[in-house]
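The values are calculated or read from the model by the stated rules, or taken from the named source; none is laboratory data. Note that the structure is a prediction, hence the values are computed from the model and not measured. FYI the Cβ positions are ideal-geometry reconstructions off the backbone, even for glycines, and counts take in every protein chain you see. Protein only, heavy atoms only, side chains kept; ligands, DNA and RNA dropped before computing areas. Shrake-Rupley method; radii C 1.70, N 1.55, O 1.52, S 1.80 Å.
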Amino acid sequence: MVTAPLLRAAAMAAALMLGTFLLLLLLPPLRAEEPSEEPSEEPADTLPETRARPRSRPAPVTDVARLCVCDLLVAECDTNCCCDPDCATADFSLFTTCSVPIVTGDGHLCSQKAAVYALDVDANPPERIFELIDQVNPSVFCIHSTNYKQALSFSFPEMPTSENFDELLKRFGSAAFRAEPDDWNMDTHPSDANETYRYEYGVPVQTADAFLRLPSPVVSSWCSDANPAGFLVNQATKCTRLVSVEKCVNIEAVSMLFYVNSSILAVPKSSQMVNITVQSVVVQSQNGTRTLLNGSDVLRLPVILDELCINIVLGVSYHITYTDAGEIIEAAASFVLGAINKEAFSIQQSFEISFTQVNTQPVPLSGNPGYVVGLPIRAGFRPQGSGIIQNTNKYNQLTILQSTSSQDCLAAQGARMPVLFGYNMISGCTLRITAAMQCQPLTRTLLDLLKGQNFPEYVASFGNSQAQDVLDWVPIIHLHISEQSDNDRISNALQSSCQIPVSLEIEVKWTKYGSLVNPQARIVNVTATIATITLKQLPSGRERTIPVTSSVVFTDISSPAEPGYKAWPTINAKLPFDFFFPFV
């Protein structure tokens, strides 16, 4: 049993030892007045400097060509270690395989160098194969660049001494401190010196003060003005905003000036500005009717008039014109203005933004970049020696026969519906054939019924394929099959008959393209198959009814991953957790 006097004695001893330690830490080191018997190798005046210098580790090696995680023996060749610099050609002839076939740097980086090793067993003697490749990290949560090199390795902390105690207390004695050196600045990154800036897909459109705002709902339906508009990202949003008649003139988000008062940067981090011009102004009455104003270039600010607040913004549509070099050259905004009364406490606002490349016709997209399920398949034609001509007329798009309530093929001529990506569809009608019908006009009529007046020649591989990029368009392959037996072929030679088309089957093959974490739908093949049947000559007064069908089938040809497949081989070794950090 421990008694109270013993506890008090132990506490006093601990306090005495702590006080002695602090006193020794604060006192200057004792120096001998007489020189030691053994002379020092360095001058005496450099000893305090050397003694106070903190311990530090050498800078980490980031060149993967010089790294070798299996090189464990000093000045000796490790077995099956293809990256060991101590191994000669004679040693490679004894290797069976490379224990570490690839050496990479930090796996959290978006792009990094990787050293690949292999053995050429066909050579005499066997040789080592070395290749330096660029490895891309498919994860969206990756590090673009390591601008703080000291974070790549563990460094010993600076130990307090009598010489550096005051300086350390000044750096780390406050409630908050930073470990980075004072001369490190994000704005003066060395890699930015020779970088050419331009807008890329998804990059926020910058303005003189921040970025182009596109209000949108975040958690609830209320508007948030912190949503930036992304370059080439067509968006359409709706949200609710609190508004009262008494305070409407003081709310920035319901004024036209809020959306056009800031200029857009032509390219990121540049001094060249592009002003937002007012393209059109539409006034909406309280009963919903809209009127286009003639003087669209005049700003109309909110005004309180007869218990109404007029000229409040109900909708904004931005239209951005850019070049193929990623530079914005024009920006326009169209407004819808309205009014509210005292009973209204909120309004619903709509916002849109669209992008058009200069010297090109604006066409609706079906995805950016990959196709979106439910949007039409983009199609077009290619005249001799020119690019793709894409028409917005539905008859010149990839369409199929639309079924009607009467199911009469001759009455359904011209009724078409667009082919929607990812939707398997089938439609049809019935054709009543009499003895008076002639073969050639009937065949031409059925082809126009199945394929439409102008069947397209090409289909866009991506939802945002541009007309000038011919290689981004897939040609449609046409096939013809005849549904008849050998007996029918023999009978055709003996009596009058004709081949008429009765079905059109379109097969769209697509694949998942790009990163595994965000795959994009890409069309790789389109086949249109026309099936025909043999129509025998009918006796006078007789009739025959045949079905005519049109269908679309989508096939995913993405190759699935093999069972047990691993992207890179791993090493099963019991080593300290930070032995090879940050290298794998």
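Please list Met273, Met256, Met437, Met425 from largest to smallest accessible area, probe radius 1.4 Å, with all protein chains kept in place.
Most to least solvent-accessible, the answer reads Met273, Met437, Met425, Met256.
Among 299-308, 525-534, the peptide with the highest mean count of other Cβ atoms within 10 Å heads the list, and the full ranking is 525-534, 299-308. Taking all protein chains together and a 1.4 Å probe, the residues Leu214, Leu538, Leu292 rank Leu292, Leu538, Leu214 from largest to smallest accessible area.
Give me the Kirkwood hydrodynamic radius of the range 395-469 in Å, from all C-alpha pairs, to one decimal place?
On the way: mean 1/r = 0.0702 Å⁻¹.
Value: 14.2 Å, from the Cα pair sum.
Packing around the peptides 499-509, 112-122, taken as the average count of other Cβ atoms within 10 Å per residue, puts them in this order, highest first: 499-509, 112-122.
When the solvent-accessible area of the range 220-308 is split by element, carbon and sulfur atoms take up 52 percent of it, the probe being 1.4 Å.
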